[in-house]
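Written below as structure tokens is the structure these notes are about.
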Amino acid sequence: MNEIFTARGSVLIAGVTIDGSTVDIALDETGTIAAIGKDARKTIDADIVIDGSDRIAVPGLVNTHTHAAMSLLRGYADDMILQDWLSQKIWPLEAHLTGDDVYAGTRLACLEMIKSGTVAFNDMYFFMDRAAAAVDEMGMRATFAYGFIDLGMEEKREAEIKATETLIAHIKSLNNPRIQAAVGPHSVYTVSPEALSWCGDFAKEQNIGIHVHLSETEKEVVDCVAQFGKRPAVLLDEYGCLTPRTVAAHCCWLDEAECRLLGERGVTASHNPASNMKLAVNRAMPYHWLKQYGANIALGTDGCSSNNNLDLMEEMKFAALLQKFAWNSPTLLPANEALTMATAAGARALGTGPGTLTVGAPADIVLLDTRAVCNTPLFHADSNAVYACNGSAVMTVLCQGRILMHEREVPGEEEIVREAGDAALSLADRAEESS
Ligand SMILES: O=c1[nH]cnc2c1ncn2[C@@H]1O[C@H](CO)[C@@H](O)[C@H]1O
Ligand SMILES: [Zn+2]
């Protein structure tokens, strides 16, 4: 293993390109950006020096909606409609999940995210204490929500409340600034109004965020209106689930008034274009309305069984293309806005800092290869990052100043891949035996 992974102290990224100019980035021992500029190297006596020549520095990417351990379900069931896919394939398999599976799957997901430039993610799943252990080891940041699903059953609601309380107490006890908790009501079609109300109250009481699926399909909206006489975003708002720390995933079928509501409440809309296209939800998130009304608009991959990878570099391109195509506007969602969604907007959503390369910001930094084919020629770095490159252009990744990948090497990669592959096969076997 390269000794750069075990070294500790201040870091100098020497002679790296930011916005077309060559600068140094100096990081202090706490993993904060201490100086950026032509002579930043003079401000510290660096313990670790990273050669920044042939590299562009961008802020670390933030994935605002995923189910990390679903990496184990990659390719398990494709090409189905959402309700069938969940009820016939995904949920029966998930019934056999163990904490060890989630640990192995989350490590695989972290590896994949690190290799494509992601430093932080918003996770909703089960056995989240084990997911948190995986993230702690891998050195990333994450916010964990237990996926609360009561299906209107009182007994189940009690169990889900317990599971949520237990997870949040556990995450708080870790006292790890990289690891946060959120309340995770799955959606308006899987969580009863009583439970939504509890989730809103509990998030407020605990002073934490909310992570929810919102208006993914037309059926969700139609059923919600039929059952409750109001649209999903209005229902969530009534139960206190729309806050400045709420991340609402998908938001495909929001109407204009709901977009205004999200803007007024300061909610983050997490756009997941690859998942939406794959599951053919048949409407793209109304980016223009959400932008007009001031919602925070970020980016997510969704889980690996509806994407089927966690490459946020690719997702930026999907977002820019889907928006243009769906709303018939080639000027909608330009490259620089896609990058902002994947960085600053994501960081704001999860509270992980400004998501920019600025003095005082956490040193969450990604170095892209300027010599890669996708960066040749290099007329506009943002354009290449969004439209030409994918995660394979990412060479080095730092999170809070710690080097998670260098020259595409991540410590322990082989073992992580082997263990996750074994866990996935064994999970599928167990599900097969019981069916
Ligand atoms: O696109 C999706 N829409 C709705 N539910 C999903 C999607 N992807 C994954 N899950 C499901 O959400 C729960 C997370 O706690 C899991 O059951 C997962 O399979
Ligand atoms: Zn999801």
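Looking at residue 30, is it at pLDDT 95 or above and assigned to a loop (DSSP other than H, G, I, E, B)? Yes.
Report, by residue number, each residue of region 95-105 that is buried (at least 21 other Cβ atoms within 10 Å of the Cβ) and without any contact (Cβ under 8 Å) to a residue 40 or more places away in the chain. Let's see the steps before the verdict.
First, pick out the residues of region 95-105 that are buried (at least 21 other Cβ atoms within 10 Å of the Cβ): 97, 101-105.
Correct list: 102, 103.
The rows are residues; the columns are (1) outside the structural domain of residue 366 (by TED's automatic domain parsing); (2) within 16 Å of ligand 2 (Cβ to nearest atom); (3) crowded, with 17+ Cβ neighbours inside 10 Å.
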| position | (1), (2), (3) |
| --- | --- |
| 34 | no, no, yes |
| 40 | no, no, yes |
| 67 | yes, yes, yes |
| 74 | yes, yes, yes |
| 85 | yes, yes, yes |
| 88 | yes, no, no |
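Residues that are more than 16 Å from ligand 1 (Cβ to nearest atom) and crowded, with 22+ Cβ neighbours inside 10 Å are absent from region 157-170 altogether.
Go over the candidates 232, 334, 330 one by one and state the one that is in contact with a helix residue (DSSP H, G or I) (Cβ under 8 Å, 6 or more places away or on another chain), assigned by TED's automatic domain parsing to the domain that holds residue 66 and within 16 Å of ligand 1 (Cβ to nearest atom). Explain how you work it out, then say what you get.
Values: 334 fails: within 16 Å of ligand 1 (Cβ to nearest atom); 330 fails: within 16 Å of ligand 1 (Cβ to nearest atom).
That would be 232, the only listed residue that is in contact with a helix residue (DSSP H, G or I) (Cβ under 8 Å, 6 or more places away or on another chain), assigned by TED's automatic domain parsing to the domain that holds residue 66 and within 16 Å of ligand 1 (Cβ to nearest atom).
Looking only at residues in region 106-119 that are in contact with a strand residue (DSSP E or B) (Cβ under 8 Å, 6 or more places away or on another chain) and buried (at least 24 other Cβ atoms within 10 Å of the Cβ), the one that is farthest from residue 311 (Cα to Cα) is 106.
Could you list, in sequence order, all residues of region 285-333 that are more than 20 Å from residue 255 (Cβ to Cβ), within 16 Å of ligand 2 (Cβ to nearest atom) and part of a loop (DSSP other than H, G, I, E, B)? Those that are more than 20 Å from residue 255 (Cβ to Cβ), within 16 Å of ligand 2 (Cβ to nearest atom) and part of a loop (DSSP other than H, G, I, E, B): 300, 301, 302, 303, 304, 305, 306, 307, 308, 309, 310. Determine whether region 135-154 contains at least one residue that is over 15 Å from the mean Cα position of the chain (by Cα), in a helix (DSSP H, G or I), in contact (Cβ under 8 Å) with a residue 60 or more places away in the chain and buried (at least 21 other Cβ atoms within 10 Å of the Cβ). Yes: region 135-154 contains one or more residues that are over 15 Å from the mean Cα position of the chain (by Cα), in a helix (DSSP H, G or I), in contact (Cβ under 8 Å) with a residue 60 or more places away in the chain and buried (at least 21 other Cβ atoms within 10 Å of the Cβ).
Among the candidates 191, 247, which residue alone is touching a residue at least 60 places away in the same chain (Cβ under 8 Å) and open to solvent by less than 10 Å² (accessible area, probe 1.4 Å)?
Numbers: 191 fails: touching a residue at least 60 places away in the same chain (Cβ under 8 Å).
Checking each option against the conditions leaves just 247.
For the structure I just gave you, tell me whether residue 54 is within 22 Å of residue 163 (Cα to Cα), charged (D, E, K, R) and away from ligand 1 (no atom under 13 Å from the Cβ).
On the way: within 22 Å of residue 163 (Cα to Cα): no; charged (D, E, K, R): yes; away from ligand 1 (no atom under 13 Å from the Cβ): yes.
Here the answer is no, as residue 54 does not meet what is asked.
Cβ separations smaller than 8 Å between residues 6+ apart or across chains give the following pairs from region 422-435 residues that are over 10 Å from residue 101 (Cβ atoms) to residues that are not in a helix (DSSP H, G or I): 428/76; 431/95; 431/96; 434/96.
The values are calculated or read from the model by the stated rules, or taken from the named source; none is laboratory data. What you see is a predicted model, and the numbers here were worked out from it, not measured in a lab. Methodologically, a virtual Cβ is constructed for each residue, glycine included, from the backbone with ideal geometry; neighbour enumeration extends over all protein chains shown. Surface areas here come from the heavy atoms of the whole protein model, side chains and all, with no ligands, DNA or RNA. Shrake-Rupley method; radii C 1.70, N 1.55, O 1.52, S 1.80 Å.
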